1. Could you list, in sequence order, the residues of segment 357-388 that are in a helix (DSSP H, G or I) and within 28 Å of the chain's Cα centre (by Cα)?
2. What are the pairs, 6+ residues apart or on separate chains, where a residue within segment 269-289 that is farther than 16 Å from residue 607 by Cα and open to solvent by less than 30 Å² (accessible area, probe 1.4 Å) has its Cβ under 6 Å from a residue that is polar (S, T, N, Q) and part of a loop (DSSP other than H, G, I, E, B)?
3. For segment 52-61, which positions are open to solvent by 20 Å² or more (accessible area, probe 1.4 Å) and either within 22 Å of residue 218 (Cα to Cα) or within 39 Å of the chain's Cα centre (by Cα) (or both)?
4. Pick out the one residue from 331, 366 that is open to solvent by 50 Å² or more (accessible area, probe 1.4 Å) and more than 23 Å from residue 659 (Cβ to Cβ).
5. Give me a count of the residues in segment 235-245 that are in a strand (DSSP E or B) and either under 19 Å from residue 535 (Cα atoms) or open to solvent by less than 60 Å² (accessible area, probe 1.4 Å) (or both).
6. For residue 663, indicate whether it is of a type in the set (S, T, N, Q), open to solvent by less than 50 Å² (accessible area, probe 1.4 Å), in a helix (DSSP H, G or I) and touching an Asp or Glu at 6+ places or on another chain (Cβ under 9 Å).
7. Scan segment 386-426 for residues that are acidic (Asp, Glu) and within 16 Å of residue 473 (Cα to Cα) and jot them down.
8. Under 20 Å from the mean Cα position of the chain (by Cα) and either open to solvent by less than 40 Å² (accessible area, probe 1.4 Å) or modelled with pLDDT of 95 or more (or both): does that describe residue 521?
Amino acid sequence: MYKKLFFSVAFLATALCCNAIDIATQISIKRPGNLATVHPLKAEGNRLVATNGQQLPLDITQEVTNDGADMIFSVTLTARQTVYFNLGASLPTGLSTSGSEFYMPGFWYHLNLRSPKGAPAFHTSKSWNFREDRLSAPMTSVFNETQQKSVAVMRCLDKPCESLTTHQEGEVILGGETSLGYLGFDNETDRVMLTFGYPYIETPKRYTRKLTLTPPIHTFAKLDKGRSKTISWRIVNGSAENYGKHVVNMWEKCFDTYNPQPLTPLFTPEEMKKGLCNYFRRSYVDRFPLKYNSGHTLLTADCKPFPAMQIGFCGRVLLNAFNAIEYGEQHNERDLVNIGNEILDSFLKHGFTGAGFFYDDVNFDHGFPLDEKVVHSIRQQSEAVYAILLYLKYEKSHGRKHTEWEKHVQTILDSFLKLQKSDGSFARKFHDDGTDIDSSGGSTPSATSTLVMGYRYFGKKQYLEAARRTIDYLEKNIISKSDYFSSTLDANCEDKEAAISAVTANYYMAAVTKGKERQRYIELCREAAYFALSWYYLWDVPFAQGQMLGDLGLKSRGWSNVSVENNHIDVFVFELPHIVKWLGQELGDKRFMQMYDVIFTSLSQLMPTTERNCGIAMPGFYPEVVQHTAWDYGMNGKGFYNNLFAPGWTIASLWELYSPERTDNFLKK
């Protein structure tokens, strides 16, 4: 019923000719115990009435005003009797469905075809509607490169509020007030329409769990007799040369409109580091040949160590070992120094495969994998070398030299030179003998910064030349196509980490080059930065009372969605904030400077302490899967965490955030 009425021209357009804009509207009325009835609307002056002349239980008026080049479309509903309603609207854009692509910040890029079929994408449908809290900015937009035009609809924010629901599909009457509407697009005919309304619906499917699409939902808000409610949207017409420029324009528009402000941090950087040190102490495992801080597959309920280690992403074991050493020596806390040194010593003895690579993952319930069964990722190997080079530079500055470590690192970097393909890319995953497992080049920029660091530490120009070739690949295949994908380890889709890797790679190159070459990297860094920042929230999503994150007062601005496949927020930043700040200074960009402040001040909000443990059993074990919308990673849903988490990388990420000079100090001559 909804599909036929809402996504076709069958329901009539409401003509707003004074502003040369047509918006089709409908009202769905729900009587408890009955299926909803859908009423297409037409305009009579500023009033909206049922097209069939039927008397409605509420009065509806519309208003269109100009705000500069934008239009503000507002609808006011006044109940003549208590009513449960859902208001829907559809904006014809005039853009051809042929060649049109979509951008919904932090959730939809191009056609989402990099995503598996179990996630929202054109694989399943050409038309979608999503609740607004899935989006890092509540906006839906379409861009057509042939016409070089774009249209966007942005929600004008109300005071945030949310209600719990009794059901997750079908027609659902909300048990309280919500500020959440929906945004989407209809690409079924020859012309694109942008769809929006209040309260939220999700069609044709809901995305409720990793790679899990479920039946749609249509929610209904209660409006008591005599009460009124006004909902407004901003309509933006624009132009752009390509999809990448469209994202730039839309990010800047959203930033200026929502104007996110920094928070008052709960802790200073020094207080954060001091608290995070409890993770180094309480997660330490020393009963296996490789000693490590247990960094993934921990229960939030007890945070007990798990018998598996990962050198990179989820655990960042080697980077955290260096963090413990550095902090311990700075603050004369010898137990931390001993933990870090014991970890690194164990890896020096037992951490390398026959080909000289690091073991990426070891589950000690199963023992070390045979070399022929080892799986390496270019990302994890790069992250491991990055950590050891930081350690070696630090040790050298204190008069300590580690020749054996240097030999191992050079072996891996030299292997990188052999692994690099003719187009400058690296396979995402490979065997110990160097043959490909996943030849996708999406993770290539992970290697760039490590190669630059190797060049700076060892003075070997081959490493810098290899890094240059990665940028050539990156520019041609990722940045110029606005196609950031395949950089995370547990998903292979459009993702934030791919964009962050591209930003970081170009920043490192700019740090060791001069003149026109340096300027090229700055421009590429800037272009990728918009895609990285597009995942970061510019507004605060609402939570209901009883949803823990709301009870804790979490403000989502400055946090970021993870990927199309993994629809939760987290603190994955590492070096990005200080790169964004550097870009802001280089380019005189006040938006970047302000966004740095928002991110920097926001990410301490869920720091577990003895007095305020934020739903985590152990102080300092910073949470990971922060579920901010109607999606769960496996358990608990909006306003909570999944029961399993990986604090190893969250600690490493925040540590980098609070160590802004670390990279500059390494790269400078």
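The values are calculated or read from the model by the stated rules, or taken from the named source; none is laboratory data. Because the structure is a prediction, the values reported are computed rather than measured. For neighbour counting, all protein chains shown are included, and Cβ atoms are generated from backbone atoms with ideal geometry for every residue, glycine included. Heads up: the accessible areas ignore ligands, DNA and RNA and are worked out on the full protein's heavy atoms, side chains in. Shrake-Rupley method; radii C 1.70, N 1.55, O 1.52, S 1.80 Å.
1. Once the filter is applied, which keeps residues that are in a helix (DSSP H, G or I) and within 28 Å of the chain's Cα centre (by Cα), segment 357-388 yields 378, 379, 380, 381, 382, 383, 384, 385, 386, 387, 388.
2. That search, which allows pairs on different chains as well, returns 283/294; 285/294.
3. From segment 52-61, those open to solvent by 20 Å² or more (accessible area, probe 1.4 Å) are 52-55, 57, 59, 61; that's our starting set.
Scanning segment 52-61 gives 57, 59, 61.
4. On the way: 331 fails: more than 23 Å from residue 659 (Cβ to Cβ).
Testing whether each residue is open to solvent by 50 Å² or more (accessible area, probe 1.4 Å) and more than 23 Å from residue 659 (Cβ to Cβ) leaves just 366.
5. In the first step, residues of segment 235-245 are kept if they are in a strand (DSSP E or B); the result is 235-239.
Now narrow it down to the ones that are either under 19 Å from residue 535 (Cα atoms) or open to solvent by less than 60 Å² (accessible area, probe 1.4 Å) (or both): 235-236, 238.
Within segment 235-245, residues that are in a strand (DSSP E or B) and either under 19 Å from residue 535 (Cα atoms) or open to solvent by less than 60 Å² (accessible area, probe 1.4 Å) (or both) number 3.
6. Details: of a type in the set (S, T, N, Q): yes; open to solvent by less than 50 Å² (accessible area, probe 1.4 Å): yes; in a helix (DSSP H, G or I): yes; touching an Asp or Glu at 6+ places or on another chain (Cβ under 9 Å): yes.
When the stated conditions are applied, residue 663 passes them.
7. The first filter runs over segment 386-426 and keeps only residues acidic (Asp, Glu), leaving 395, 404, 406, 414, 423.
Within segment 386-426, just 423 meets the criteria.
8. On the way: under 20 Å from the mean Cα position of the chain (by Cα): no; either open to solvent by less than 40 Å² (accessible area, probe 1.4 Å) or modelled with pLDDT of 95 or more (or both): yes.
Considered against the rule, which asks whether it is under 20 Å from the mean Cα position of the chain (by Cα) and either open to solvent by less than 40 Å² (accessible area, probe 1.4 Å) or modelled with pLDDT of 95 or more (or both), residue 521 comes out as no.
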